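For reference, the structure is listed below as structure tokens.
The values are calculated or read from the model by the stated rules, or taken from the named source; none is laboratory data. Keep in mind that what you see is a predicted model, and the values were worked out from it rather than measured. Positions of Cβ are generated from backbone atoms using ideal geometry, with glycine treated the same way; all protein chains shown enter the neighbour counts. Surface accessibility is based on the protein's heavy atoms, side chains included, excluding ligands, DNA and RNA. Shrake-Rupley method; radii C 1.70, N 1.55, O 1.52, S 1.80 Å.
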Amino acid sequence: MTNIILRPVNTVSHEARAACMNLAYADYHIPLQVDADGLARMDYLYDVDPDASIVAERDGALIGQALLSRRGERSWISAVGTVPAARRQGVARAMMQALIVNARRGGLAEVILEVIDENARAHTLYRDLGFADVRELLTWRLAADADPLPIPQELLSEVAPESVIPHFD
């Protein structure tokens, strides 16, 4: 991992970060394409901490970013991506280690993240860093040109949590 510079995301433009993210996620299991305005909205909606989140740079080019989001004492990794040419070189590991250090410096006791099953490399990295599986998260997909969903006839109503627990494995 020679000549890699890690720095806060707030030192880089949304345009540069969006280009990096698009390249990092172009071949992902769930591809992502975002422009600078969309990335700025994501940062806002997901409460990305711009001082604690990290970009990785080599030879003046962004090669990755890792985002730490925070709401009060609750924190999570909201994105990690490395461009294809820089993968398997320790970039994601270095960014994740920096996020963990930044979370601790920020007084956060725990950091969570989500990763899809098909991303075996990420599973290995996160386990190596001390993360543990705690639940399965399902990801659903609907094509943009699919038939519209029917309007449900049932209305949702609030129920006591203990009444639904028996329905989950």
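Tabulated data
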read-out: Scope region 75-107; condition open to solvent by 40 Å² or more (accessible area, probe 1.4 Å) and within 24 Å of Ala16 (Cβ to Cβ); matching residues; value: Ser78, Pro84, Ala85, Arg87, Arg88, Gln89, Arg93, Gln97, Val101
read-out: Residue check for Glu57: assigned to a loop (DSSP other than H, G, I, E, B), out of contact with any Leu (no Cβ under 7 Å at 6 or more places or on another chain) and acidic (Asp, Glu); value: no
read-out: Residue among Leu39, Leu32 that is of a type in the set (A, V, I, L, M, F, W, C) and surrounded by fewer than 17 Cβ atoms within 10 Å (Cβ to Cβ); value: Leu32
read-out: Residue match in region 108-116 (condition: touching a residue at least 40 places away in the same chain (Cβ under 8 Å) and surrounded by 10 or more Cβ atoms within 10 Å (Cβ to Cβ)); value: yes
read-out: Pairs with Cβ under 9 Å, 6+ apart, first in region 129-144 and without any contact (Cβ under 8 Å) to a residue 24 or more places away in the chain, second open to solvent by 80 Å² or more (accessible area, probe 1.4 Å); value: Asp133/Arg127; Glu136/Asp117; Leu137/Glu114; Leu142/Leu149
read-out: Search result, residues across region 52-65 that are more than 11 Å from Cys20 (Cβ to Cβ) and crowded, with 20+ Cβ neighbours inside 10 Å; value: Ala52, Ser53, Ile54
read-out: Odd one out for Ala66 among (1) modelled with pLDDT of 95 or more; (2) in a helix (DSSP H, G or I); value: (2)
read-out: Candidate set from region 1-25 (those that are outside any helix (DSSP H, G or I) and free of Cβ contacts under 8 Å to residues at least 24 places away in the same chain); member that is surrounded by the most Cβ atoms within 10 Å (Cβ to Cβ); value: Ser13
read-out: Selection count, region 103-140, where residues are among the charged types (D, E, K, R), within 21 Å of Glu73 (Cβ to Cβ) and in a loop (DSSP other than H, G, I, E, B); value: 3
read-out: Contacts under 9 angstrom Cβ, first residue in region 36-49 being assigned to a helix (DSSP H, G or I), partner open to solvent by 100 Å² or more (accessible area, probe 1.4 Å), 6 or more apart; value: Ala36/Glu15; Leu39/Glu15
read-out: Any hit, region 129-151, residues being within 30 Å of Thr11 (Cα to Cα) and either surrounded by fewer than 10 Cβ atoms within 10 Å (Cβ to Cβ) or under 14 Å from the mean Cα position of the chain (by Cα) (or both); value: yes
